[in-house]
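To start, the structure under review is shown below, and the notes come after it.
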Amino acid sequence: MNILGTAEKALSKALKNGSDKASVAVSFVEEQVFNIDGNQLTLSKTGFDQSLTVKSLIDQRQASTQGNQFDENSIHAYAENAATQAKASPQDAANDICPAQGTHSFTNADVEFDPERVKNLLIDLMQQRQELFPTIKLETSSVKFIKTKQAFITSENTSLTSFQSHLAAVMFFTAKDGTKSSSFNYTDMALSAIAPKGPESLLNHADLRMMFQQSSQQVNSHKLPEKFEGDVILGPQCVFDFIHSITMYLHGQYLFTKSSFLSDKLGSAIASPLWNLTANPVGKGLPEHVFWTADGYLSQNQSIIENGILKEYRLNDYYSKKMKHAPDRSERTNMELAAGNTSLREMISGIKKGILLNRYSGDMSENGQFAGVAKNSYYIENGELKFPLNETMVSGNLKNLLMDTQSISKEITDTGLWKMPWVHVKGITVS
């Protein structure tokens, strides 16, 4: 499929329909999927997804139209609708198309799909589950080989294309032992994973082995002995979820209205000096790259927090003009929090009373407050993991969590989508 040719047709029609400036994004994704359901390997299938988005700018008014048909009539309709809607939209001097990025073609692809290898990976996983973790039940889970073609072009001398392929795995599971069961758990991962470079076992990726082991233990969970405020170790998935919320409140809509707890904090200390957070959309060796932003800027790896100092906002082109600050070039992808100098064992041994919070489910507000349920978590007492917890409430403030970080682990979990350590914080209410 010639997606660049499709994009060029749509751009031409957008300009003919009266657009002063325009951009077009085209994506075509092919997925070959193997599924597991109820510990059984089901039939593989192939699926396709395609999309085309036309953005029209007329007299500082803008609108966009999206669809999934690439025929001539549909392309004409998308371009016409975008122009019609733009003419009726509010005028704003910050509406624009990103400046020229030139012509670039990117590739990040493994060798061709080997269905037998993927099938064998899943068969191996199910055999290991049966032998090592017999109480684990794999719910609807899958391994996908994904091929993605993308194009982004504008009227302002930008023409970008990319081709990528990688394996992606999503695992949903619980442990069941008679009438007892653990809380649901999951992980997802991206792998540069085709033979001969491919993984020997899915259990060795994204802490899946450890998660199976913990879920097996969590069929015998206990109530929290008493409410307290104090020490919490955030597991890697939990660290990622908290960082996702923290970086969300660095987006323009929150900063421009000053509703974010991080408003006006650029260049200031917002975290312990232990915090070094980067976004690496084009980092070396990653299974999946993001070569350009949604606005069409070429992506760059960026430091977000450096030694506790906030280094970057997360502004799209519109809010960058509103706030007179450079636009985000990283799209908040492939996030990595740098490892620290403390082992996880040392973290646990130094805590008199606390919890290991592996998964969090709850709310996080613009002012930094959060309250929710600790899932798949453990009670810590006198330097030891004592027992898995029944679902327990946790609450606190992201501002305090960042500043009250006590240590960051040497160990890192790498899912291929993010890299996160364990983080020891204080001041969390556990009840």
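Scanning segment 1-26 for residues that are farther than 10 Å from Ser155 by Cα, in contact with a helix residue (DSSP H, G or I) (Cβ under 7 Å, 6 or more places away or on another chain) and either small (Gly, Ala, Ser) or crowded, with 24+ Cβ neighbours inside 10 Å (or both) returns Ala10, Gly18, Val26. Checking each residue in segment 276-295 for being more than 26 Å from Glu411 (Cα to Cα) and either part of a helix (DSSP H, G or I) or small (Gly, Ala, Ser) (or both) picks out only Ala294.
Candidates in segment 27-60 are the residues that are buried (at least 17 other Cβ atoms within 10 Å of the Cβ) and aliphatic (A, V, I, L, M); of these, the one that is modelled with the lowest pLDDT is Ile36.
Can Lys321 be described as farther than 30 Å from Gly383 by Cα, out of contact with any strand residue (DSSP E or B) (no Cβ under 8 Å at 6 or more places or on another chain), of a type in the set (Lys, Arg) and in a loop (DSSP other than H, G, I, E, B)?
In short, no.
Against the definition (free of Cβ contacts under 8 Å to residues at least 40 places away in the same chain and part of a helix (DSSP H, G or I)), how does Gly47 come out, yes or no? For Gly47, the condition - free of Cβ contacts under 8 Å to residues at least 40 places away in the same chain and part of a helix (DSSP H, G or I) - is not met.
Sort through Leu250, Leu255 and tell me the only one that's in contact with a Lys or Arg (Cβ under 7 Å, 6 or more places away or on another chain), over 30 Å from Asn120 (Cβ atoms) and surrounded by 21 or more Cβ atoms within 10 Å (Cβ to Cβ). Reasoning before the result, please.
On the way: Leu255 fails: in contact with a Lys or Arg (Cβ under 7 Å, 6 or more places away or on another chain).
Every option except Leu250 fails the conditions.
Of the numbered criteria (1) crowded, with 16+ Cβ neighbours inside 10 Å; (2) not in a helix (DSSP H, G or I), the one Ala77 fails is (2).
Tallying residues that are within 30 Å of Ala14 (Cα to Cα) and out of contact with any Phe, Trp or Tyr (no Cβ under 6 Å at 6 or more places or on another chain) within segment 153-183 yields 10.
Restricting attention to helices (runs of 4 or more DSSP H) lying wholly within segment 172-275, give those where 1 or more residues are not assigned by TED's automatic domain parsing to the domain that holds Leu417. Don't jump to the end; show me each part of the working.
Working: elements: 208-217, 236-248, 252-256.
Because the criterion is at least 1 residues that are not assigned by TED's automatic domain parsing to the domain that holds Leu417, the helices (runs of 4 or more DSSP H) in segment 172-275 that meet it are 208-217.
Would you confirm whether any residue within segment 87-99 is of a type in the set (D, E, K, R), in a helix (DSSP H, G or I), surrounded by 21 or more Cβ atoms within 10 Å (Cβ to Cβ) and in contact (Cβ under 8 Å) with a residue 60 or more places away in the chain? Even if it seems obvious, please write down each step before you answer.
Taking segment 87-99 first, the residues of a type in the set (D, E, K, R) are 87, 92, 96.
When the remaining residues are screened for being in a helix (DSSP H, G or I), the result is 87.
Narrowing the set further to residues that are surrounded by 21 or more Cβ atoms within 10 Å (Cβ to Cβ) leaves none.
Looking through segment 87-99, none of the residues is of a type in the set (D, E, K, R), in a helix (DSSP H, G or I), surrounded by 21 or more Cβ atoms within 10 Å (Cβ to Cβ) and in contact (Cβ under 8 Å) with a residue 60 or more places away in the chain.
Can you name every residue in segment 144-166 that is more than 18 Å from Phe48 (Cβ to Cβ) and not hydroxyl-bearing (Ser, Thr, Tyr)? Walk me through it before giving the result.
Initially, segment 144-166 is screened for residues more than 18 Å from Phe48 (Cβ to Cβ), giving 152-161.
Scanning segment 144-166 gives Phe152, Ile153, Glu156, Asn157, Leu160.
Across segment 135-154, what is the total count of residues that are assigned to a loop (DSSP other than H, G, I, E, B) and either buried (at least 18 other Cβ atoms within 10 Å of the Cβ) or basic (Lys, Arg) (or both)? Show your work before the answer.
Just the residues of segment 135-154 that are assigned to a loop (DSSP other than H, G, I, E, B), to begin with: 135, 139-140.
Then keep just the ones that are either buried (at least 18 other Cβ atoms within 10 Å of the Cβ) or basic (Lys, Arg) (or both); that gives 135.
Summing the residues that are assigned to a loop (DSSP other than H, G, I, E, B) and either buried (at least 18 other Cβ atoms within 10 Å of the Cβ) or basic (Lys, Arg) (or both) in segment 135-154 gives 1.
Of all the residues that make up segment 296-318, how many are out of contact with any Cys (no Cβ under 7 Å at 6 or more places or on another chain), assigned to a loop (DSSP other than H, G, I, E, B) and small (Gly, Ala, Ser)?
First, the residues of segment 296-318 that are out of contact with any Cys (no Cβ under 7 Å at 6 or more places or on another chain): 298-316, 318.
Keeping just the survivors that are assigned to a loop (DSSP other than H, G, I, E, B) gives 299-301, 307-308, 311-313, 315-316.
Add one more test, that the residue is small (Gly, Ala, Ser), and what stays is 299, 308.
Qualifying residue count, segment 296-318: 2.
For segment 258-269, the candidate set comprises residues that are in contact (Cβ under 8 Å) with a residue 12 or more places away in the chain and surrounded by fewer than 20 Cβ atoms within 10 Å (Cβ to Cβ); within that set, the residue that is nearest to His325 (Cα to Cα) is Leu266.
For Glu331, the requirement of being at negative phi, in the same structural domain as Ile246 (by TED's automatic domain parsing), of a type in the set (Asp, Glu) and assigned to a loop (DSSP other than H, G, I, E, B) is not met.
Look through Ala326, Ala371, Ala339 and report the one residue that is without any contact (Cβ under 8 Å) to a residue 40 or more places away in the chain and assigned to a loop (DSSP other than H, G, I, E, B). Even if it seems obvious, please write down each step before you answer.
Working: Ala371 fails: assigned to a loop (DSSP other than H, G, I, E, B); Ala339 fails: without any contact (Cβ under 8 Å) to a residue 40 or more places away in the chain.
None of the others qualify; the one that does is Ala326.
Among the residues of segment 402-429, those that are of a type outside the set (Ser, Thr, Tyr) and touching a Phe, Trp or Tyr at 6+ places or on another chain (Cβ under 7 Å) comprise Leu402, Glu411, Trp418, Met420. Could you grab me the full set of residues in segment 155-171 that are part of a strand (DSSP E or B) and in contact with a Lys or Arg (Cβ under 6 Å, 6 or more places away or on another chain)? Listed by number, the residues that qualify are Phe163, Ser165, Ala168.
Within segment 374-406, the set of residues being in contact with a Leu (Cβ under 7 Å, 6 or more places away or on another chain) and part of a strand (DSSP E or B) comprises Ala374, Tyr378, Tyr379, Ile380, Leu385, Leu389, Thr392, Val394, Thr405.
The values are calculated or read from the model by the stated rules, or taken from the named source; none is laboratory data. Please read these numbers as outputs of a predicted model, since none were measured by experiment. As a convention, Cβ positions derive from the backbone with ideal geometry for all residues, glycine included, and neighbour counts pool all protein chains shown.
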